[in-house]
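Asks: Input: one structure, supplied below.
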Amino acid sequence: MSPELIQKLITSYFSSLQEMDASGWAENFTKDAIIYDPVGNPPSKARENAQAFFGLLSMAFEKLELSQDNVFIAGNGAAVKWTMRGLGKSGKQGISEGISVFEIQDGKIQQVSSYWDDAAMMAQIKS
């Protein structure tokens with residue numbers, strides 16, 4: 001897969017996440033794709049659990065902003081250093097940084113492993 005197509009797929013992943021578009025986000029994945037978000041949590045089936053995942057996001061966040069700070073593409077994968085800024089339903093702001101590693105197969109994301117501290121982000125936006 002070309003670096004341009006990998007970049008387009010990753011941009012779609014982050015854009016649909018920021019827009020809280022569950023169906024658009026799920027379309028980026030293979031049928032059996034797995035997500036570790038964050039690494040250390042049990043794996044989740046991306047397509048199967050998309051609606052539940054976005055339901056949790058929408059309960060916690062009023063708005064999400066995600067930036068792809070650095071993208072490193074190699075072979076059929078990529079690592080992305082990102083920053084997330086969120087406005088919680090509480091009205092409080094939170095910020096977190098992380099790295100997500102993408103494995104791509106047949107033009108879709110097969111696996112994502114994200115390294116970040118989700119508990120720290122949630123603590124920032126708590127009421």
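Asks: If you scan the range 10-54, which residues turn out to be among the β-branched types (Val, Ile, Thr) and touching a helix residue (DSSP H, G or I) at 6+ places or on another chain (Cβ under 9 Å)? Don't jump to the end; show me each part of the working.
Replies: The initial filter retains those residues of the range 10-54 that are among the β-branched types (Val, Ile, Thr), namely 10-11, 30, 34-35, 39.
Passing the criteria: THR30, ILE34, ILE35.
Asks: Can you tell me which residue within the range 20-45, out of those that are closer than 13 Å to GLY107 by Cβ and out of contact with any Phe, Trp or Tyr (no Cβ under 8 Å at 6 or more places or on another chain), is surrounded by the fewest Cβ atoms within 10 Å (Cβ to Cβ)? Quick ask: steps written out before the conclusion?
Replies: Quick first cut of the range 20-45, residues closer than 13 Å to GLY107 by Cβ only: 27-31, 33.
When the remaining residues are screened for being out of contact with any Phe, Trp or Tyr (no Cβ under 8 Å at 6 or more places or on another chain), the result is 27, 29-31, 33.
Values: GLU27: 14, PHE29: 22, THR30: 17, LYS31: 9, ALA33: 21.
If we take residues in the range 20-45 being closer than 13 Å to GLY107 by Cβ and out of contact with any Phe, Trp or Tyr (no Cβ under 8 Å at 6 or more places or on another chain), then LYS31 is surrounded by the fewest Cβ atoms within 10 Å (Cβ to Cβ).
Asks: Condition first: in contact with a strand residue (DSSP E or B) (Cβ under 8 Å, 6 or more places away or on another chain), within 20 Å of ILE10 (Cα to Cα) and among the hydrophobic types (A, V, I, L, M, F, W, C). Can you find one or more residues in the range 91-101 that meet it?
Replies: Yes - at least one qualifying residue is present in the range 91-101.
Asks: With LEU17, LEU56, LEU66, LEU5 as the choices, which residue is surrounded by fewer than 16 Cβ atoms within 10 Å (Cβ to Cβ) and touching a residue at least 12 places away in the same chain (Cβ under 8 Å)?
Replies: Numbers: LEU17 fails: surrounded by fewer than 16 Cβ atoms within 10 Å (Cβ to Cβ); LEU56 fails: touching a residue at least 12 places away in the same chain (Cβ under 8 Å); LEU66 fails: surrounded by fewer than 16 Cβ atoms within 10 Å (Cβ to Cβ).
Result: LEU5 is the single residue among LEU17, LEU56, LEU66, LEU5 that is surrounded by fewer than 16 Cβ atoms within 10 Å (Cβ to Cβ) and touching a residue at least 12 places away in the same chain (Cβ under 8 Å).
Asks: Here's another thing I want to ask about it. In the list ASP37, ASP21, ASP32, ASP106, which residue meets the criterion of being at positive phi and of a type in the set (D, E, K, R)? Break it down stepwise before answering.
Replies: Details: ASP37 fails: at positive phi; ASP21 fails: at positive phi; ASP32 fails: at positive phi.
Criteria check complete, one pass: ASP106.
Asks: Read through the list (1) modelled with pLDDT under 95; (2) in a strand (DSSP E or B), then give the number of the only condition that LEU57 fails.
Replies: Going through the list (1) modelled with pLDDT under 95; (2) in a strand (DSSP E or B), LEU57 breaks only (2).
Asks: Right, here's the next one. Here are VAL101, VAL80: which of them is buried (at least 18 other Cβ atoms within 10 Å of the Cβ) and part of a strand (DSSP E or B)?
Replies: Just one listed residue meets the conditions, VAL80.
The values are calculated or read from the model by the stated rules, or taken from the named source; none is laboratory data. Small disclaimer: the values here were computed from a predicted structure and weren't measured. Note: ideal-geometry Cβ built from the backbone for every residue, glycine included; neighbour counts use all protein chains shown.
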